[in-house]
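These notes are about the structure you will find just below.
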Amino acid sequence: MDKFIINGGIPLKGSVKVSGAKNSALALMPAVLLNSGENIIENVPEVNDIFTMMKLLKQLGVEAEFNNHKLILDSSNITSQVAPYEHVKKMRASVYVLGPLLAKYGSAKVSMPGGCAWGPRPIDLHLKAMEKMGASIELEGGYIIAKSKKLSGARINFDISSVGATGNALMAAVLAKGESIITNAAAEPEITQLAQFLISMGAKIEGIGSNILEIEGVDELDNASVINIPDRIEAGTIMIAAAMTKGKIELENANSKHLNLVIQKLEDSGAKVLLNNQIISIDASNLEPLNVDVTTAIYPGFPTDMQAQWTAYMSIVEGSSTITDTIYLDRFKHIPELIRLGADIEILRNSAIVKGVKTLKGATVMSTDLRASASLVLAGLVAKGTTEVLRIYHIDRGYQRIEEKLKKLGADIKRVKTEEF
Ligand code: EPZ
């Protein structure tokens, strides 16, 4: 187990390159199951979730190579349609293989995903979409057993906007017979990128970037290559680090269009943000930040994946701020740990009521999930004295060596091996 040791109080300065988007890569990778050939995905972050997805695809027969942020995935010889519990329990995104396996091979046996740290995360919307396209779905021994001779196009409406279910339905529909229309589709940049990748394989998709996707099924798809988008959540996390430490940084290879609400909220708090091409500059030197309420929403709203980080920011801003999560109503495992650092926060249903304190004080805190651990690192960057963040395997799932990026910006942070298990 590794931990971070952080000495707080240093304003971040300098520039850093944003890595490729984890959540987009996790959708692009299983899409190669829809063709039979060599596919290339560039700008892939070296984070553990990517390696977990690689292991799963190899288990299905994909030949996978990964070096220097470039994935080569050859799907010419798929030998299995079973996604075993050992992979799916580690990463919910494994369920993304369901749609492509069903569409291309007519069968898929996928373990039900384990619940995440902040409560069960169902996949009923994924399964309903497959059934709508004619698949038979059985649940047996913790596995989903899906079968279909040939999927047929359907009208699929999602009562709740779901990134994963939209991705799975899209990957199933592109090889289904006839037309499909997906309404209340997620429009996150990850879904837009997936649709563009599918089109480069020969898929027919209209409405990209909107909540209504129209797909005309084709008989087969070709192999393709794609350059993955930058990680908007990593970029947003580092921008908040700059605001909290009253620093001045530049983010290279960022896509500000994917961060509108985060940028707007940072400006509302008093930070100066400059955009030009793929560089986002944020100047928070001598910033006396204002408290800003946030309510998370589906894209292009304020991302739930930035909720914990914003809570850490508001914990040191004078006055009271309300942070409400409408996507995951109980995504607050970071709060007790922030309170250990001296934050004054109360949870009220799906809102955190934050009363800003002058300073946080270093302590040992425990990561519980990916974005919760990011918020603890942010708090450690400003807490007086030393903060130890334990179980940082959580953060390694979604941030590529975050300590290297922060060190490059001047932070006093180091990774240390521990016996703690
Ligand atoms: C994706 O998860 C992201 N993961 C999550 O990021 C992100 O928090 C989430 O979207 C919301 O933006 C990846 O892209 C790999 P959803 P996903 O289906 O697809 C409910 C991170 O930190 N729902 O959009 O699993 C669900 O419970 C991770 O990088 C159903 O009810 O999320 C939630 O309340 C964490 N039934 C809401 O929809 C379903 O069948 C949105 O979930 C599916 C979802």
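The values are calculated or read from the model by the stated rules, or taken from the named source; none is laboratory data. Predicted model, so just to flag it, every value in this text is computed and none were measured. Virtual Cβ from ideal backbone geometry, glycine too; neighbours counted across all protein chains shown. Surface areas here come from the heavy atoms of the whole protein model, side chains and all, with no ligands, DNA or RNA. Shrake-Rupley method; radii C 1.70, N 1.55, O 1.52, S 1.80 Å.
Filter the stretch 371-385 down to the residues that are basic (Lys, Arg) and either touching a helix residue (DSSP H, G or I) at 6+ places or on another chain (Cβ under 8 Å) or surrounded by 24 or more Cβ atoms within 10 Å (Cβ to Cβ) (or both) and list them by number. Reasoning before the result, please.
Just the residues of the stretch 371-385 that are basic (Lys, Arg), to begin with: 371, 384.
The one that is basic (Lys, Arg) and either touching a helix residue (DSSP H, G or I) at 6+ places or on another chain (Cβ under 8 Å) or surrounded by 24 or more Cβ atoms within 10 Å (Cβ to Cβ) (or both): Arg371.
Among the residues of the stretch 172-189, those that are within 10 Å of Leu213 (Cα to Cα) and not hydrophobic (A, V, I, L, M, F, W, C) comprise Ser180, Thr183, Asn184.
For the stretch 236-256, what are the residues that are more than 17 Å from Leu287 (Cα to Cα) and out of contact with any strand residue (DSSP E or B) (no Cβ under 9 Å at 6 or more places or on another chain)?
Gly236, Thr237
For every residue, the table says whether it meets (1) assigned to a strand (DSSP E or B); (2) open to solvent by less than 30 Å² (accessible area, probe 1.4 Å).
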position	(1), (2)
Ala242	no, yes
Val262	no, yes
Gly270	no, no
Ile280	yes, yes
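Just one of the listed residues (Leu370, Leu348, Leu406) is of a type outside the set (Val, Ile, Thr) and touching a Lys or Arg at 6+ places or on another chain (Cβ under 7 Å), and it is Leu370.
Looking at this structure, is Asp330 modelled with pLDDT under 95, within 14 Å of the ligand (Cβ to nearest atom) and farther than 24 Å from Thr245 by Cα?
So Asp330 passes the test.
Only residues that are touching a Ser or Thr at 6+ places or on another chain (Cβ under 8 Å) and assigned to a helix (DSSP H, G or I) were counted across the stretch 372-392, and they come to 9.
Sort out for me the helices (runs of 4 or more DSSP H) sitting completely within the stretch 44-149 that have 2 or more residues that are within 22 Å of Ala203 (Cβ to Cβ) and in contact with a helix residue (DSSP H, G or I) (Cβ under 9 Å, 6 or more places away or on another chain). I'd like the intermediate steps shown before the answer.
Working: elements: 48-60, 85-88, 98-105, 124-132.
Answer list for the stretch 44-149: 48-60, 98-105, 124-132.
Being free of Cβ contacts under 8 Å to residues at least 24 places away in the same chain, open to solvent by less than 30 Å² (accessible area, probe 1.4 Å) and more than 11 Å from the ligand (Cβ to nearest atom) is a description that applies to Gly61. Considering Glu346, Glu388, Glu404, the condition of being open to solvent by 40 Å² or more (accessible area, probe 1.4 Å) and within 19 Å of Tyr313 (Cβ to Cβ) is satisfied by Glu346 alone. The set of residues from the stretch 153-166 being more than 7 Å from the ligand (Cβ to nearest atom) and in a helix (DSSP H, G or I) comprises just one member, Thr166.
Would you be able to say whether some residue in the stretch 201-209 is within 14 Å of the ligand (Cβ to nearest atom) and either surrounded by fewer than 20 Cβ atoms within 10 Å (Cβ to Cβ) or within 19 Å of the chain's Cα centre (by Cα) (or both)? No - not one qualifying residue is present in the stretch 201-209. Gly142 meets the conditions (1) open to solvent by less than 60 Å² (accessible area, probe 1.4 Å); (2) within 15 Å of the ligand (Cβ to nearest atom) in every case but one. The failed one is (2). Kindly provide the set of residues from the stretch 292-301 that are open to solvent by less than 60 Å² (accessible area, probe 1.4 Å) and of a type outside the set (Gly, Ala, Ser), ordered by number. Result: Val292, Val294, Thr296, Tyr299.
Condition first: in contact (Cβ under 8 Å) with a residue 40 or more places away in the chain, within 22 Å of the chain's Cα centre (by Cα) and open to solvent by 10 Å² or more (accessible area, probe 1.4 Å). Now tell me which residues in the stretch 311-328 satisfy that. The answer is Tyr328, and nothing else.
Could you please let me know if Ala352 is outside any loop (DSSP other than H, G, I, E, B), modelled with pLDDT of 95 or more, within 14 Å of the ligand (Cβ to nearest atom) and surrounded by 24 or more Cβ atoms within 10 Å (Cβ to Cβ)? So Ala352 fails the test.
Within the stretch 88-102, one or more residues are surrounded by fewer than 24 Cβ atoms within 10 Å (Cβ to Cβ), in contact with a Pro (Cβ under 6 Å, 6 or more places away or on another chain) and either of a type in the set (Val, Ile, Thr) or over 25 Å from Ile208 (Cβ atoms) (or both).
With respect to Ile182, determine if the residue is away from the ligand (no atom under 16 Å from the Cβ), open to solvent by less than 50 Å² (accessible area, probe 1.4 Å) and assigned to a strand (DSSP E or B).
On the way: away from the ligand (no atom under 16 Å from the Cβ): no; open to solvent by less than 50 Å² (accessible area, probe 1.4 Å): yes; assigned to a strand (DSSP E or B): yes.
Taking the combined requirement at face value, the residue does not satisfy it.
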